[in-house]
Amino acid sequence: MKEIDPAIYGSSWFAATMSGSRSRPRLTIDIDVDVCVVGGGLAGLTVAREVAQRGWSVVILETRRIACNASGRNTGFVLPGFAQGMDKIAARIGLDHARELWALSRRGLDYVHRTIRDGKLAGVRDGEGWLAVSKHDEPERIAADVDLLAGSFGANVEVWPVERVRATLKSEQYFQAVSYRDAFLIHPLNYALALANAAEADGARIFEETPALSMDPAGVRKRITTPGARIRAAHVVLAGNTHLGALMPRLAATLLPISTYIITTAPLGERLAGAVTYGGGVSDTDWADNHYRIVGGDRLMLSGRMTTWSGNPKRYVKGLAGDIARLYPQLGPVEIEYAWTGMLGNAVHRMPQIGEMSPGLWVASGFGGHGLNTTAMAGELIARAIVEGDDTWRLFAPYQLVWAGGLFGRAGAQTRYWTNQARDGLARKRDAWPVTLPQFAGAAMVNATMRFLSSIAQRLGAIAASLTGRRAN
Ligand SMILES: Cc1cc2nc3c(=O)[nH]c(=O)nc-3n(C[C@H](O)[C@H](O)[C@H](O)COP(=O)(O)OP(=O)(O)OC[C@H]3O[C@@H](n4cnc5c(N)ncnc54)[C@H](O)[C@@H]3O)c2cc1C
């Protein structure tokens, strides 16, 4: 495996192929600005760029380096929508309201598209389309998904029947798919680095290795303390994702930290065409497992597994390579050259946290595994709210800041994931019938135990949440 300085961007294929990375200074003198953004990921960068374009003074404080966390380590699928499904969103807030949110999510996707096109960012957009593939033969369910998305939300989606799916994803495990024709793929790290340059060109100032240590958000001028200097600002935007921690523990406690793991193979040459010829992104679960794409012409990049702690990515290489082998045995043994991890933040409702917590104190986080369009959307919404008084962000008001359940929440999420994995394994064994009775019974017992543990963890989380009644705002 290739070793890149993992301290900053992880040993990732994106880090190995990044361009335009440069370090920025620490903040060493006290300053006074209109807007202080905490966090130099995609959310913070987009807010700052949009504020600067509107002529206000703005700084970004970043604990380490720009895009060193999720924003520079993700798989680069730019999709419409949210981590939460549109059916669930509509069921909760009504169809008309859900349509407005869908349109905003599309605006986020368009924002990324325009930024790449107008900035002439070479090599950043490197794939088209997204297939959400089913591992079960369920034409009615796929047709219903497409009807809902196209009919109710005007999404540019279509059904791919089994034959079409298997012509480009040559795996017997796959059946029908929903094809998202407007989705596209990017090199996320190079996109984020270019966004930082664009924000600076518009007048934003970025300080790296400058953590915001404490904050007094009361009053007209808010005060933020960093190791070397203090800042006074009329507005503060908290865009620190799961890393905010001690700066505002109540807010940090509303996010469930989820680490997922990514591998990239060595060049596969002509072998790849015998397995995958689709140039877009592919996902075959709603969960963490099996999101993949081609990079560098003939390598496969695949993400999967999840832990509610940050694990060593090398430990997951074998399992993830096994996923590739199960999907595409025709590839034979593949060498893995890169393995890394990234941490995303999920709110309980799986929707972003966007809004004003108290006068002049804003939050932009909780984008989950669906952050490329939604960070762009949030950045624009919050900048418009701050500078122009626009209140479109209130469309997210139904999705409040809810305590994520602490240790119970983490235990519940982890157990639910393991349960799903065990169920998947069980289904595979059933498909590979005949299995021996002890094998089947063993898998069924694991499944039942996982479900039992999961329900206990969920209940404890719910009880704890109702006892504390904790809301962060
Ligand atoms: C493995 C993986 C794959 C993914 N794949 C996709 C995908 O294909 N498509 C998609 O749409 N989304 C994907 N996502 C999700 C997406 O990457 C995230 O939702 C998005 O990048 C979040 O951006 P952010 O700016 O909110 O957070 P981050 O990128 O985490 O940035 C927050 C920054 O704030 C800084 N910070 C925190 N506290 C402080 C402080 N007190 N002072 C100063 N700085 C601070 C942190 O150091 C950090 O750099 C994926 C995520 C992961 C982890």
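Couple of notes before you dig in:
- Considering only A132, F408, A239, the residue lying farthest towards the positive end of the dipole of the chain is F408, judged by Cα position with unit charges set on Cβ.
- C-alpha long axis of helix 437-468 to longest principal axis of the chain, angle in °: 20
- Carbon plus sulfur fraction of accessible area for the chain, probe 1.4 Å, in percent: 55
- Helix axis angle, 95-118 relative to the chain longest principal axis, alpha carbon, degrees: 80
- Between V317 and R250, the simple label model (points 7 Å from Cα in the Cβ direction) yields a spacing of 4.6 nm.
- Part-to-part distance (alpha-carbon centres) for region 1-75 and region 209-228, which is given in Å: 18
- Highest to lowest packing among 345-354, 403-412, scored as the average C-beta count within 10 Å: 345-354, 403-412
- This model, with +1 at the C-beta of Lys and Arg and -1 at the C-beta of Asp and Glu, gives the chain a dipole about its Cα centre of some 1120 debye.
- Working value for region 191-290: equivalent-ellipsoid semi-axes of 40, 20, 12 Å, each the square root of 5 times a Cα gyration tensor eigenvalue, largest first.
- Per residue, the accessible area of the chain comes to 42 Å² when a 1.4 Å probe rolls over the protein heavy atoms.
- Debye, to nearest 20: dipole size of region 163-214, +1 on Lys, Arg Cβ, -1 on Asp, Glu Cβ: 380
- Farthest positive-ward along the chain dipole, Cα basis, beta-carbon charges - from G123, G81, G39: G39
- Long-range Cα-Cα pairs in region 122-165 (distance over 11 Å), rounded percent: 71
- V402 accessible area, 1.4 Å probe, all protein chains in place, Å² to nearest 10: 50
- Theoretical gain in end-to-end length, A16 to A122 [0.36 nm per residue, Cα-Cα removed]: 36.5 nm
- Cα gyration tensor shape of the chain, rounded if a/c is under 1.5, else prolate or oblate by comparing a/b with b/c: prolate
- Restricting attention to the chain, close to 70% of DSSP beta bridges with both partner residues there are antiparallel.
- Anisotropy class assigned to region 1-140 is oblate, per the alpha carbon gyration tensor with a/c at or over the 1.5 cut-off and a/b no larger than b/c.
- Here each label is just a point 7 Å from Cα along the line to Cβ, and for S214 and R326 those points are 5.0 nm apart.
- Gyration tensor verdict on region 1-80 (Cα atoms; rounded if a/c is under 1.5, prolate if a/b is larger than b/c, oblate otherwise): oblate
- Residue-level accessible surface for S310, protein heavy atoms, 1.4 Å, Å²: 80
- Between the helical axis of 188-201 and the longest alpha-carbon principal axis of the chain there is an angle of about 20 degrees.
- Helix-only [θ]222 nm of the chain, DSSP H runs n ≥ 4, -39500 (n - 2.57) each, per residue, nearest 500: -11500 deg cm²/dmol
- Efficiency of FRET from Cβ geometry, R221 and E335, R₀ 51 Å, rounded to 0.05: 0.35
- D298/A7 FRET efficiency (R0 25 Å; Cβ-Cβ; nearest 0.05): 0.30
- Entries in K120/K222; K88/K135; K135/K318 that, when Cα-Cα distance is taken, lie over 29 Å: K120/K222
The values are calculated or read from the model by the stated rules, or taken from the named source; none is laboratory data. The structure displayed is predicted, hence computed values, not measured ones. Note that we place each Cβ from the backbone using ideal geometry, even for glycine, and neighbour counts take in every protein chain shown. Only protein heavy atoms, including side chains, enter the accessible area calculation; ligands, DNA and RNA are left aside. Shrake-Rupley method; radii C 1.70, N 1.55, O 1.52, S 1.80 Å.
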